[in-house]
């Protein structure tokens, strides 16, 4: 029987976007991303970890909006390995992962009107970000086959002004001033595609340690 004539396997439920969907057969070079937030959103959406539904986390307090679609890579987890790697790169001790799936920001010329969607992205770099003693890396990627950004393979291909916009957003979006001045959120490094892929692999290994893998379509 030809592939075209084979019966379609119908999945009678909506998969949990963190646990029920694969990061993709080509990960870490090309990954599946679940988008929670798009640049027009004036509230911050995130996945409810228990149910898998998108929920409103908080209103965006100020006028700064995320410059690109933002979400996470399914079946990843920022745990001990991600934290240890960030600590090694910064000569810090006591660094742990933030306990969330690995965040990803996807550049595209095309407008994505709402979150709650899956897309295929190619990582081109990332930010080594800390929230206190927690590693909270942000992977930067491009939408595969995007007319403007799809050919990018490295952060060096990306306009520096856009990288700085993203960097400013992530440094300011939580707006958490600390006693004595300053913010506990900081970005220590901007890294390229090879290191982004390594962080993805570490987060996949952390996921496998903390969760029982499930069959994914």
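The values are calculated or read from the model by the stated rules, or taken from the named source; none is laboratory data. Being a predicted model, the structure only gives us computed values, none of them experimental. Glycine also receives a Cβ, built like all others from the backbone with ideal geometry; neighbour counts cover every protein chain displayed.
In table form, for the structure just shown:
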quantity: Near pairs, Cβ below 7 angstrom, 6+ apart or cross-chain, from the range 182-196 (at pLDDT below 95) to any residue that is surrounded by fewer than 13 Cβ atoms within 10 Å (Cβ to Cβ); calculated: 183/176; 183/177; 184/176; 184/178; 185/176
quantity: Residue in the range 130-140 that is in contact with a helix residue (DSSP H, G or I) (Cβ under 8 Å, 6 or more places away or on another chain), in contact (Cβ under 8 Å) with a residue 60 or more places away in the chain and not in a strand (DSSP E or B) present; calculated: yes
quantity: Condition check for residue 7: in a loop (DSSP other than H, G, I, E, B) and modelled with pLDDT of 95 or more; calculated: no
quantity: For residue 150: the one exception among (1) touching a residue at least 60 places away in the same chain (Cβ under 8 Å); (2) surrounded by fewer than 23 Cβ atoms within 10 Å (Cβ to Cβ); (3) part of a loop (DSSP other than H, G, I, E, B); calculated: (1)
quantity: Filter result for residue 201 (more than 25 Å from residue 58 (Cβ to Cβ), in contact with a strand residue (DSSP E or B) (Cβ under 8 Å, 6 or more places away or on another chain), modelled with pLDDT of 95 or more and surrounded by 12 or more Cβ atoms within 10 Å (Cβ to Cβ)); calculated: no
quantity: Selected residue (criterion: farthest from the chain's Cα centre (by Cα)) from residues of the range 92-106 that are buried (at least 20 other Cβ atoms within 10 Å of the Cβ) and either more than 30 Å from residue 21 (Cβ to Cβ) or touching a residue at least 40 places away in the same chain (Cβ under 8 Å) (or both); calculated: 95
quantity: Count of the range 107-122 residues which are surrounded by fewer than 18 Cβ atoms within 10 Å (Cβ to Cβ) and either part of a strand (DSSP E or B) or touching a strand residue (DSSP E or B) at 6+ places or on another chain (Cβ under 9 Å) (or both); calculated: 8
quantity: Number of positions in the range 32-91 that are part of a strand (DSSP E or B) and surrounded by fewer than 17 Cβ atoms within 10 Å (Cβ to Cβ); calculated: 6
quantity: Verdict on residue 93 being at negative phi and touching a strand residue (DSSP E or B) at 6+ places or on another chain (Cβ under 8 Å); calculated: no
